[in-house]
Amino acid sequence: MNRASARVLAIAVAIGSGGAACAQSVPQSATIAVTASVDRKCTLANPQIDLGQTTNIGQVSGSTVRIADLSDDQMSTKVTDFTAEVAGMCNASHQLTVSSDRGGLWRDPAGLRSNGFANGVPYRATISWGGEQAILRANASGEGQVQQTLSVDQPVGGSVQIQFHIDQSATNVGVGAPLIAGTYDDTIRVTMGPL
Amino acid sequence: MTAHIGIALALILALATPAAAAPTASTLLQVSGDVPVRCKMSPPSASGAANATFTSNGTGGDIAITALVGSDAMTLASQASLQIPIVCSGSHALTVTTRGGLANQNAATPSPDFAVRADYLLTARWGAVTQSVTTSGSAVTLDLSQGSAQAGDLSLDISLPAGKGPMTSGTYTDEITIQLNAQ
């Protein structure tokens, strides 16, 4: 998965005596010093959804997860859960950032409101990586990016686990408000880089 | 000789080494979901009545006019106002249909000197839309449909005027049907 780059910085050759001594019968010795370095780097694969442990999830295609039905018959938000695994590694101390582009699931087009209705759905994403855990709260309190960062002081290889969760009846205008009809979406970005 | 070989090897390795990759990696996850248009209508309640009472039966209700006529068999004024909570999360069709007035259910051979139907003014308000009709014997549908989400009360006012008749004796009934569909 990761191809460490090695660069020969120097190869030094030292011969015990000058070339003219080759014909002499005394023992000869040579020392060759080899040095290399490995760059700090991180890798991330595409997210994989654990289809065995989901609630209210419809079609999953590549990195896109479709929620089966965002609202129930009473027009309230339905509980939704899924877990995404992102294989990755960092070979040095590093920082993992998980961000939400919109700060919640917002109806498209952005900003559309109607009195008495909600047009945003808050969610949280619990991030686990390298023994650390953090929660990204996309509270739909205003449309805009939110992010959460984990700093890890050692190399780690494995999977970033993202547990996505929507509470029952959660909306941007209060618990239980009816959701206005339409398509809601957000993009979660995972970025990892050396410190 | 040995020193020359070492230098050549170093050059080859340097050329074979790929350009350094960007140290930072990123990926993304897109999440989306749909909210279909849904509508919900709650049972009606009375917000006012005169010479009439309203009884809810859970899904609808009954308006009972206390005294349809006075001692001269002419109609007395009566009125009832109902509120029906409705929520629709998108475009919807809403209609209110009357059969056409309070019709006598007992007059098999109506007399030409007596009326067998008590007409009334039906007014329906939903959001910014108001529709009304005075019944005249035929079924009439008021269309209150809207192309966007709406939440609030559908208001129905039923108003019978005084001085119509004289009315044939018997029981008078009508039925008002409210139909709500998400679109």
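Solvent-accessible area of residue A:78, all protein chains in place: 70 Å² (probe radius 1.4 Å, heavy atoms, ligands and nucleic acids excluded).
Counting only protein heavy atoms and rolling a 1.4 Å probe, how much accessible area do A and B lose on contact, total for both sides, in Å² to 100? In total, this chain pair buries about 3600 Å².
Rounded to 0.05, the FRET efficiency of the residue A:79 and residue A:173 pair, given R0 = 22 Å and the Cβ-Cβ distance, is 0.75.
With a 1.4 Å probe rolled over the protein heavy atoms of all chains, the accessible area of B:160, A:44, A:51, B:121 falls in the order A:51, B:121, A:44, B:160, largest first.
Note on the protein assembly as shown: with charges restricted to the Cβ of Lys and Arg (+1) and Asp and Glu (-1), its dipole about the Cα centre is near 1160 debye. Using the Cβ-Cβ distance between residue A:55 and residue A:115 with R0 = 35 Å, the FRET efficiency computed as 1/(1 + (r/R0)^6) comes to roughly 0.70. When +1 charges are put on Lys and Arg Cβ atoms and -1 charges on Asp and Glu Cβ atoms, the dipole computed for chain B relative to its Cα centre reaches about 440 debye. Computed about the Cα centre, the dipole magnitude for chain A is approximately 620 debye when only Lys and Arg (+1) and Asp and Glu (-1) carry charge, each at its Cβ. Between residue B:91 and residue B:59, the C-beta separation translates, for a Förster distance of 25 Å, into a calculated FRET efficiency of about 0.55. Comparing B:109, B:173, B:135 in a Gaussian network model of chain B (Cα springs below 10 Å), the most mobile by mean-square fluctuation is B:109. Note on chain A: GNM, Cα springs under 10 Å; of A:178, A:27, A:122, the largest mean-square fluctuation is that of A:27. Counting only heavy atoms of the protein chains and using a 1.4 Å probe, residue B:120 has close to 10 Å² of accessible surface.
Model label points for residue A:29 and residue A:45, set 7 angstrom from Cα along the Cα-to-Cβ axis, are 5.0 nm apart.
The residues of the protein assembly as shown expose, per residue, 50 Å² of accessible area to a 1.4 Å probe.
Remark: the residue B:71-residue B:40 segment gains 6.7 nm on full extension, using 0.36 nm per residue and subtracting the alpha carbon distance.
The values are calculated or read from the model by the stated rules, or taken from the named source; none is laboratory data. What you see is a predicted model; the values in this text were computed from it and never measured. Cβ coordinates were reconstructed from backbone atoms using ideal geometry, including for glycine residues, and neighbour counts include every protein chain displayed. Please note that ligands, DNA and RNA were not included when accessible areas were found on the heavy atoms of the full protein model with its side chains. Shrake-Rupley method; radii C 1.70, N 1.55, O 1.52, S 1.80 Å.
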